[in-house]
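Asks: Mind looking over this structure? Questions follow.
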Amino acid sequence: MRETVAKYKEICLWIKQRLENGELKPGDKIESEYQLCSHFHVSRQTVRHAIAVLEEEGIVQRFRGSGTYITDSDKVVPQKERTMQIAVMTTFIQEYIFSTIIRELETQFTNAEYSLQISFTNNSVEKERLILKNILNKNSVDGLIAETTKSGLPNPNLDIYRQIMAHGIPVLFINSYYPQLNAPHVSLNDKMAGKLVTNYLLQCGHQNIAAIFKSDDGQGHQRYAGYLEALMESNVRINDKWIVWIDTEVLSAFEANAEYFFGRLKDCTACVCYNDEVASKLLSVCQNHGRKVPDNLSVISIDNSDIAGYCDIPLTSADNPIRNMARIAALQMLDMINGNEVPQSTELEAEIITRDSVAILNLSGL
């Protein structure tokens with residue numbers, strides 16, 4: 001009777017045989033955990049057990065944020081001593097969704113006996129650069145979780161991120177990401193969120209649908225793509241005049257630009273807003289200029305932050321599961337610190353939370 005070989009041993013034997021026949025050589029990178037899981041139809045726990053056994057035998061080495069390699073005695077890199085510190089950099093710290101993200105990260109890392117070094121950029125590229133240089137020069141953290149700064153625009157700080165990763169400090173992006181960097185991210189599926197809220201308006205009978213998106217943040221571009229896709233799939237005309245692009249500075253002066261917004265949104269029955277902050281400012285200028293929501297204009301947004309429920313007209317908004325996002329980001333960062341591979345992209349799905357800001361013009365769609 002043929003003896004059944006444990007799955008982790010099967011993986012070990014497979015890698016050893018490839019090394020013996022020359023298919024793998026010292027210094028070569030082996031398949032990722034996910035590739036091995038798929039190849040052998042096993043769990044990540046089984047794959048990690050196999051890699052741990054090979055590592056104990058001196059056959060492979062794991063490098064944080066890079067992967068697992070066949071041991072090369074000429075290129076053994078000493079492992080950086082752990083500091084039990086994680087750097088967390090967000091655009092803002094107490095405003096909007098960011099305090100919830102930071103609280104959840106703090107909970108997860110405290111449970112793992114790590115402490116946080118928290119900084120914020122105010123969505124300023126210059127401040128982001130100063131923070132990154134400080135992290136690079138001090139080399140005193142085991143990992144960096146970062147929210148991008150103006151990710152919709154070319155960024156001059158990508159070189160510093162690359163230097164940080166080259167120093168063996170894993171980098172993970174949360175809530176947004178720089179597509180030019182080979183670093184994992186955990187975020188909302190922003191394109192599908194934009195499509196979801198636009199489809200909801202279409203189902204409510206709206207056809208003339210305006211939109212306000214942020215131009216300097218990557219999420220704005222993705223949410224715009226979802227908005228367009230929803231309209232095109234429903235054969236609803238796209239009027240470029242109804243699509244308004246703003247940046248961080250214009251957002252802070254929203255009221256001063258009220259007449260401009262109303263001119264662009266003329267003849268529209270509804271408006272998709274980039275997020276709850278934009279939507280709340282639109283509600284405010286509507287109220288100040290005698291335009292009733294939702295009677296004259298329906299407003300829908302994305303994130304379902306505390307703002308959405310506390311507006312004078314509570315906002316219908318697509319829920320951004322930020323607490324779960326932060327939990328996943330923390331767990332993936334701990335994996336990266338321990339030399340384990342994580343998915344390059346983890347994007348969470350939104351769902352509509354209905355309140356009072358959208359008028360139903362046609363019940364047949366719902």
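Asks: Being closer than 17 Å to E233 by Cβ, surrounded by 22 or more Cβ atoms within 10 Å (Cβ to Cβ) and among the hydrophobic types (A, V, I, L, M, F, W, C) is the filter here; which residues of the range 169-195 pass it?
Replies: A193
Asks: Please go through the range 136-167 and pick out each residue that is more than 21 Å from the chain's Cα centre (by Cα) and either without any contact (Cβ under 8 Å) to a residue 12 or more places away in the chain or open to solvent by less than 20 Å² (accessible area, probe 1.4 Å) (or both).
Replies: Kept after step one, since they are more than 21 Å from the chain's Cα centre (by Cα), are these residues of the range 136-167: 136-141, 163, 166-167.
Matches in the range 136-167: N137, K138, V141, A166.
Asks: In the range 19-43, which residues are open to solvent by 50 Å² or more (accessible area, probe 1.4 Å) and modelled with pLDDT under 85?
Replies: Within the range 19-43, just Y34 meets the criteria.
Asks: A follow-up question, please. Residue under question is A270, and the condition is that it be in contact with a Pro (Cβ under 9 Å, 6 or more places away or on another chain) and of a type in the set (A, V, I, L, M); does it hold? Spell out the reasoning first.
Replies: Values: in contact with a Pro (Cβ under 9 Å, 6 or more places away or on another chain): yes; of a type in the set (A, V, I, L, M): yes.
Yes: the conditions hold for A270.
Asks: Filter the range 345-359 down to the residues that are more than 12 Å from the chain's Cα centre (by Cα) and among the hydrophobic types (A, V, I, L, M, F, W, C), then identify the one that is surrounded by the fewest Cβ atoms within 10 Å (Cβ to Cβ).
Replies: I353
To keep it simple, each residue is scored yes or no on (1) over 29 Å from R237 (Cα atoms); (2) touching a Cys at 6+ places or on another chain (Cβ under 7 Å); (3) among the polar types (S, T, N, Q).
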position	(1), (2), (3)
Q117	yes, no, yes
V125	yes, no, no
R129	yes, no, no
P156	yes, no, no
I160	yes, no, no
L202	no, no, no
I209	no, yes, no
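The values are calculated or read from the model by the stated rules, or taken from the named source; none is laboratory data. The model shown is predicted, which means the values in this text are computed figures rather than measured ones. All Cβ positions, even for glycine, are placed from backbone atoms using ideal geometry, and neighbour counts span all protein chains on display. What goes into the accessible areas is simple: the full protein's heavy atoms, side chains included, and nothing from ligands, DNA or RNA. Shrake-Rupley method; radii C 1.70, N 1.55, O 1.52, S 1.80 Å.
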